[in-house]
1. Please work out whether the stretch 96-250 counts as rounded, prolate or oblate from its C-alpha gyration tensor, where a ≥ b ≥ c are the square roots of the eigenvalues and a/c under 1.5 means rounded, while otherwise a/b larger than b/c means prolate and anything else oblate?
2. Given the Cα-Cα distance of ASN240 and GLU86 and 0.36 nm per residue of separation, how much length would full extension add, in nm?
3. Cα to Cα, under 23 Å, and not fewer than 8 places away if on the same chain: which lysines meet these conditions relative to LYS213?
4. When only DSSP loop residues count, what chymotrypsin sites (Phe, Trp or Tyr not before Pro) in the stretch 126-181 have their Cβ near at most 10 other Cβ atoms within 10 Å?
5. What is the magnitude of the charge dipole of the stretch 96-250 about its Cα centre, with +1 placed on the Cβ of each Lys and Arg, -1 on the Cβ of each Asp and Glu, and no other charges, expressed in debye to the nearest 20?
6. Using a Cα-Cα cut-off of under 21 Å, which lysines could be cross-linked to LYS134, ignoring same-chain neighbours fewer than 8 residues away?
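Computed from the coordinates by the stated procedures, all read-outs in this text should not be read as laboratory data. What you see is a predicted model; the values in this text were computed from it and never measured. Cβ sites come from the backbone with ideal geometry, for glycine too, and all protein chains shown count toward neighbours.
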Amino acid sequence: MRTARGSQRSRIVALLAATASAWPASAQQGPPAHHGQPQDHPPVQPQGQPPPASVHSARVDLRTRFEALMGRTTPTGNRPGAAEKERMFEEFLTWPRNPLEVELTVRFTSLEGVGHVIGTLTVRNGEIMVAGRKETALFITPALKGLPQGLYAFHVHEKPACGPGQKDGEIVPGLAAGGHLVLSGTGALSGTTFTSHLGDLADLEVAADGTAKKTVVAARMTLADVTGRSFIIHASQDDNSVRLACAAFD
């Protein structure tokens, strides 16, 4: 049985989704990421130090825009308290018609921290047709440059960090992102244990001019699955190759 509070949350989330067309397209994206110029010796963020104050949190920015959208579309008397608003935000991240998208900065990895910027990933929810029915999907559109032509293994990793880490006594670039995102659980009805390599995305395609612009579509994923994670571009099609570049969704 649905509670009154649950019904109110569903109504407000539905209202937000239904009025998404009224939300200006220019407001759907976060502030543009800073694009540094390629350098012979790329600047790095020293290991163990916090990021500079100018680095904004993509999740905080997304939450701010969600609250602005709610303020524009929800009557004052129907606005929820802080705890309820947080639950609504988490639910809203799963909605395929969520009008908000986020732009993440992509940097080369480094033994000392993170390297220079090579572009961005724009991430948003959407829908695709699978076996004649609509399914939620995550659309990841790269705007990258300066990479050799070819296909690159592309994954969602567990943690929102792009720095190096230590493994077997050696410093490994990008290891702070953790392992590939894998979902494990037990079916509520069947009792069957399952494991899904949720973070295994289609290869990233780099054109002859060194740019990557082709959108990668991840079926059955949403923004809710990738907040607090990172996107890793490997050095080749081999899933276990060097972690070449990284974008943290912190």
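1. On the way: a/c = 1.88, a/b = 1.28, b/c = 1.47.
Oblate, because a/c is 1.5 or more while a/b does not exceed b/c.
2. Numbers: separation 154, 0.36 × 154 = 55.44 nm, distance 3.66 nm.
Between ASN240 and GLU86, full extension yields an extra 51.8 nm.
3. LYS145
4. Numbers: sites: PHE139, TYR152, PHE154; in loops: none.
Loop-located and lightly packed - none at all.
5. Numbers: 13 positive and 16 negative charges, 87 e Å.
Around 420 debye, computed over the stretch 96-250.
6. Answer for LYS134, where 21 Å is the Cα cut-off: none of the lysines qualify.
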